[in-house]
Amino acid sequence: MLDIQTLRNDVNQVAARLATRGFVLDTAKFAQLEAGRKAIQTRTQELQAKRNSSSKLIGQAKAKGEDTSAIMSEVANFGDELKQLEAQLERVQHELNTFLSVIPNTPHDSVPVGKSETDNVEVRKVGTLPQFNFEVKDHVSIGEQLGLDFDTAAKISGARFSLLKGGLARLHRALVQFMLDTHIEQHGYTEVYVPYLVNADSMRGTGQLPKFESDLFSVNAGMVFSSEELAQIEEDRKKEQEQREKGLPVTHMLRTKGANTFYLIPTAEVPVTNIVRDEIVPLEKLPMKFVAHTPCFRSEAGAYGRDTRGMIRQHQFDKVELVQIVHPEKSYEGLEALLGHAEVILQKLGLPYRVVKLCTGDMGFSAALTYDIEVWLPAQNTYREISSCSNFEAFQARRMQARFRNAQGKPELLHTLNGSGLAVGRTLVAVLENYQQADGSVVIPEVLRPYMGGMEKLAP
RNA sequence: GGAGAGGUGGCCGAGAGGUCGAAGGCACGCCCCUGCUAAGGGCGCAUACGAGCUUAAACUUGUAUCGAGGGUUCGAAUCCCUCCCUCUCCGCCA
């Protein structure tokens, strides 16, 4: 969420910055909503003040045993108007809120302007590309011999799921352990174990809702209703519909009933960052650095047809996620450090990669600046995203009301950062492809061997 | 799943229809006293949003907020309804 003050002071400037990322800010709509809000709010508060002072007088008069009918009829005169105004105010504020909550973050000044990933800027290339004196296979062909089984996964669940067996499953686990240990022992992160099902407030906090609901999986726990309850729900639904038609604020009777709707996390960013939602963190606790290993669930509704082969794009994958909660003045420093922490994993694994700075058009909704790390995949003869490290500045913190107490003792919004360190499935793919041998076996990177019982290679 | 008790400011905790944004305490900030890592005293100290003033801050003022949402009332932290959450005991369970 952007700062509404900034929008009021300088809509055009904000609109221009948002335009660079392909978002058209409806400034006329904003002006209209603001004008409406202002007029209604001023008048409403005026009447509320009048009502409050009258009520106070009534209280005093009653205490003395005096007659209060004159004052009470005066209040009754504007009672209806006030009720209407309060309803109108709520409606316009709700509209304004909805309007604000779908505006993406403004890009940092250093972000290259561009339309798509082709406009991203390469920051550096690290590592040397492996040479093969045989025809390279992709991870699907290599994996088939080693325990990667899409057919069984499809039987159990469906498309875009995978099943790993034997050494491959262990290698997957070894990657997780290696990543976690590195970040905990060498980079100073605190490991956290978090819920994989979260509520809607958490999803709103980090920006997945309300705009990207279709990318998420949701579950309704214990939603078994008796016939009376079903009838009640139907009635509530009608009531809500009527309220909408009359233009009254909707009371969301259904929403409270459905409060046991959970969302499966699309990334650990959601539960981990929401640790500080509605909190005021003491200054000396900053920066907070968390690392978590979680599965991630994405419906990727819009991505069908892309990466259909293999485990590049799955409904479920594991990720080790780095999150930092920092002082606003330290967030860009923190981002560089965090990016470095993710890179270390690739360096230790001996995987060649490059770092790109995303252009305005390719950045995610909540980010002010994003670096992607792309790992070399020999079979695709290209670099593919394996980590995304972003500074969200105060965008998420404002939605979450995540604050710290500054040196003056006043609450101030935090900055939030996160990045994959790394996506485990894709790292497994990269290991398979980069360490493949002519005989179909795969050499295990040295840093992983302690986690593999000393094993040096996976052989068919 | 059953029974009960609760949710109030950064924290603890009173308040049980009127002058309550909310006593008291802790923590924190400024000041005084003391002169040594003790103690005492005074003052201040919620957040969001609006209006005024302003370059801005400060300030003044208004409104809202006592788990959330509805309702009753001239007036709700306090009464009613719905929901959420926490704790205790029992049951079940990895």
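Identify all residues within region A:26-49 that are near RNA strand B (Cβ under 10 Å from one of its atoms), within 23 Å of A:Ala15 (Cβ to Cβ) and touching a residue at least 12 places away in the same chain (Cβ under 8 Å); write none if there are none. A:Glu34, A:Arg37 - these are the residues of region A:26-49 that are near RNA strand B (Cβ under 10 Å from one of its atoms), within 23 Å of A:Ala15 (Cβ to Cβ) and touching a residue at least 12 places away in the same chain (Cβ under 8 Å). When region A:349-369 is filtered for residues that are of a type in the set (Ser, Thr, Tyr) and in contact with a Pro (Cβ under 9 Å, 6 or more places away or on another chain), the ones remaining, listed by number, are A:Thr360, A:Ser366. Annotation note: of A:Gln380, A:Gln401, A:Gln436, the sole residue that is in contact with a Lys or Arg (Cβ under 8 Å, 6 or more places away or on another chain), of a type in the set (S, T, N, Q) and under 21 Å from A:Glu144 (Cα atoms) is A:Gln436.
Hey, among the residues in region A:55-73 that are in contact (Cβ under 8 Å) with a residue 12 or more places away in the chain and within 6 Å of RNA strand B (Cβ to nearest atom), which one's farthest from A:Leu89 (Cα to Cα)? Once the filter is applied, the top-ranked residue is A:Ile58.
Per the listing A:Gly364, A:Gly340, A:Gly350, A:Gly334, the residue uniquely over 23 Å from A:Val270 (Cβ atoms) and touching a residue at least 24 places away in the same chain (Cβ under 8 Å) is A:Gly350. Does region A:367-391 hold any residues that are surrounded by fewer than 22 Cβ atoms within 10 Å (Cβ to Cβ) and assigned to a loop (DSSP other than H, G, I, E, B), and which are they? Hit for region A:367-391 is A:Asn381, nothing else. One residue stands out in region A:109-123 among those that are under 11 Å from A:Arg21 (Cα atoms) and touching a strand residue (DSSP E or B) at 6+ places or on another chain (Cβ under 7 Å): the one that is surrounded by the fewest Cβ atoms within 10 Å (Cβ to Cβ), namely A:Pro112. Do you know which of the residues in region A:414-460 that are buried (at least 18 other Cβ atoms within 10 Å of the Cβ) and small (Gly, Ala, Ser) is nearest to A:His183 (Cα to Cα)? Per the stated criteria, the residue is A:Gly421. Checking each residue in region A:415-443 for being in contact with a strand residue (DSSP E or B) (Cβ under 7 Å, 6 or more places away or on another chain) and of a type in the set (D, E, K, R) picks out A:Arg426, A:Glu433. A:Asn52 fulfils the conditions (1) surrounded by fewer than 12 Cβ atoms within 10 Å (Cβ to Cβ); (2) under 39 Å from the mean Cα position of the chain (by Cα); (3) within 11 Å of RNA strand B (Cβ to nearest atom) except for a single criterion, (2). Report whether or not A:Gln186 is more than 22 Å from A:Asn434 (Cβ to Cβ), touching a residue at least 24 places away in the same chain (Cβ under 8 Å) and in the same structural domain as A:Gln316 (by TED's automatic domain parsing). Considered against the rule, which asks whether it is more than 22 Å from A:Asn434 (Cβ to Cβ), touching a residue at least 24 places away in the same chain (Cβ under 8 Å) and in the same structural domain as A:Gln316 (by TED's automatic domain parsing), A:Gln186 comes out as yes.
From the list A:Val323, A:Val344, which one is at pLDDT 95 or above and either buried (at least 20 other Cβ atoms within 10 Å of the Cβ) or not assigned by TED's automatic domain parsing to the domain that holds A:Asp149 (or both)?
Going through A:Val323, A:Val344 in turn, just one is at pLDDT 95 or above and either buried (at least 20 other Cβ atoms within 10 Å of the Cβ) or not assigned by TED's automatic domain parsing to the domain that holds A:Asp149 (or both): A:Val323.
If you take the residues of region A:245-280 that are of a type in the set (A, V, I, L, M) and modelled with pLDDT of 85 or more, which of them is nearest to RNA strand B (Cβ to nearest atom)? This residue is A:Val276. Scanning region A:16-32 for residues that are within 20 Å of A:Asp362 (Cβ to Cβ), assigned to a helix (DSSP H, G or I) and of a type in the set (A, V, I, L, M) turns up A:Ala16, A:Leu18, A:Ala19.
How many residues are touching a residue at least 40 places away in the same chain (Cβ under 8 Å) and away from RNA strand B (no atom under 12 Å from the Cβ) when one looks only at region A:74-114? Qualifying residue count, region A:74-114: 17. Scanning region A:303-325 finds one or more residues that are part of a helix (DSSP H, G or I), within 22 Å of A:Ala268 (Cβ to Cβ) and more than 15 Å from the chain's Cα centre (by Cα). Within region A:394-409, at least one residue is surrounded by fewer than 20 Cβ atoms within 10 Å (Cβ to Cβ) and either closer than 24 Å to A:His183 by Cβ or without any contact (Cβ under 8 Å) to a residue 60 or more places away in the chain (or both). Filtering region A:88-97 to residues that are farther than 22 Å from A:Glu393 by Cβ and within 24 Å of the chain's Cα centre (by Cα) leaves A:His94, A:Glu95. Looking at (1) within 26 Å of A:Phe395 (Cβ to Cβ); (2) of a type in the set (D, E, K, R); (3) not in a helix (DSSP H, G or I), which is the one condition that is false for A:Glu329? With (1) within 26 Å of A:Phe395 (Cβ to Cβ); (2) of a type in the set (D, E, K, R); (3) not in a helix (DSSP H, G or I) applied to A:Glu329, the lone miss is (3). A count restricted to region A:1-15 and to residues that are in contact (Cβ under 8 Å) with a residue 12 or more places away in the chain and outside any loop (DSSP other than H, G, I, E, B) stands at 7. Within region A:115-143, the set of residues being closer than 30 Å to A:Val24 by Cα, modelled with pLDDT of 95 or more and either assigned to a loop (DSSP other than H, G, I, E, B) or among the aromatic types (Phe, Trp, Tyr) (or both) comprises just one member, A:Asn120.
The values are calculated or read from the model by the stated rules, or taken from the named source; none is laboratory data. This one's a predicted model, so the numbers in the text were calculated from it and none came from an experiment. For neighbour counting, all protein chains shown are included, and Cβ atoms are generated from backbone atoms with ideal geometry for every residue, glycine included.
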